[in-house]
1. Taking the chain as a Gaussian network, Cα atoms linked when under 10 Å apart, which of G282, G239, G62 shows the biggest mean-square fluctuation?
2. Could you list the residues of region 207-237 with an amide nitrogen less than 17 Å from a label point located 7 Å from the Cα of E281 in the Cα-to-C-beta direction?
3. Return the distance in nm (one decimal) between the two label points of a simple spin-label model at F344 and Y115, each offset 7 Å from Cα along Cα→Cβ.
4. Given the options K252, K310, K152, which has the most mean-square fluctuation in a GNM of the chain, springs set between C-alpha atoms less than 10 angstrom apart?
5. Classify region 67-127 as rounded, prolate or oblate, taking a ≥ b ≥ c as the square roots of the eigenvalues of its Cα gyration tensor: rounded when a/c is under 1.5, otherwise prolate if a/b is larger than b/c and oblate if not.
6. From the square roots a ≥ b ≥ c of the eigenvalues of the alpha-carbon gyration tensor of the chain, which class results: rounded (a/c under 1.5), prolate (a/b over b/c), or oblate?
7. Separation between the T312 and Q172 pseudo-spin-labels, each 7 Å from Cα along Cα→Cβ, expressed in nm?
8. Quote to one decimal, in nm, the extra length available between N367 and N198 on full extension: 0.36 nm per residue of separation minus the C-alpha distance between them.
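Any read-out appearing in this document is the output of simple, stated calculations on the displayed coordinates, not a laboratory observation. Remember, predicted model here, so these are calculated numbers, not experimental data. Here the Cβ positions follow ideal geometry from the backbone for every residue, glycine too, while neighbour counts run over all protein chains shown.
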Amino acid sequence: MKSRALLAVLALLLLTGCSAAQQQSTAEPTPSPVPAQQNTLSPSPTPSQMPAPKELSLMATGDVLLHPQLLTEAKTSKGYDFLPLLDGLKPYVQDADVALCNLETPIGTPPYSGYPTFSVPAQIAADLATIGYDGCTTATNHTVDIGTAGVKRTLDTLEKYKLFATGSYRTQTEAQAPPLMDVEGIKLGVIASTYSLNGMRADTDWRVDTGVDAKKLITRAKAAQKSGAEIVVAAIHDGTEYSTRPSDAQRKLGQTLAESGAFDFIYMHHTHSVLPIEKHEGTWIVYGLGNSVAKHATDTILNREGISIKATFTRTGKDQWKVGELAWVPHQLSSSPVRWCQVFTVDDCLPAADAKASLARTSKTVNAYGAFDDGLQPWELD
């Protein structure tokens, strides 16, 4: 989405000349960021003018989990600024047609709080939109930490910043609607669910997508297909925290979903650690993305490491797609201030020794089931 939108912007600049650029340079900034997927510069082409895309790239990242230290570091005189924390992610987010996060914690009101009942500022949604995210899944074990009001506030905030959301709902009508994103005419179905709500209960059984029963997830995927989804992915919040391998039940779930033929790609989060990637019967399964951003009190390197993936779907026939290429980038979160730091190459974000050790450790975990031989590629930016 973002790469093809860039071509449209460049063409427009050639047509309008330098005067438009001069006008933009003197314009006052708007208080709310403009979402990346909106293009206010020119009208969208009509369907007859737009060729059907042959590829679609999806970026998926792990838990956005705002512990108190992250709020302290982001505090400003005017509120909060999470952009320095997220800055390393930006070029990868903008390298994919569509980017999805997992927003682990509900949006609240001051005073904010951390574990075990999270409440975080709305600015995180604004800043995720600013760097180019297109949406977030919201089915996690912390979804109802601050009750139904927190669920609704979270979804209102995501909607304000034009971010797609699925996994929790404000109304039964929303819950019953097919979870579809329209990405340049391609309908992408996102089936989200969480293993639990940490012992809490939602006020209704439709408020949050809960449960990791394979049959129910497959039924939901097939319903999305009947509603027009050309590509269907699973985003499952499940697993054993601080592990380096999926549990037997988690691996069986992933493989069962893959074998069903109802899903084109499967990814998981929750463990706060990286888990292996596996290609099973032709379908890629990412068992654990690890944290995207977090700062746990638990002192282990595992919760400071994560991966982001880019699944490039290729059209193989009418309404038929498959992942033609899967790419990954590993990261480690610096200690203080916390920053997202890729570790494929050494830069000033982390000490060189830390980056190299993290790359070796994460690569070993990711490749435990033979992902590299099956075609997993490093994510290289142009």
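1. Checking each option, the largest mean-square fluctuation is seen for G282.
2. Answer for region 207-237: 213-222, 232-234.
3. In this crude label model, F344 to Y115 measures out at 3.1 nm.
4. Its mean-square fluctuation being the largest, the pick is K252.
5. prolate
6. Numbers: a/c = 1.20, a/b = 1.09, b/c = 1.11.
Judged from the Cα gyration tensor, the chain comes out rounded (a/c under 1.5).
7. Distance between the two pseudo-spin positions: 4.6 nm.
8. On the way: separation 169, 0.36 × 169 = 60.84 nm, distance 3.09 nm.
Going from the current span to full extension adds 57.7 nm.
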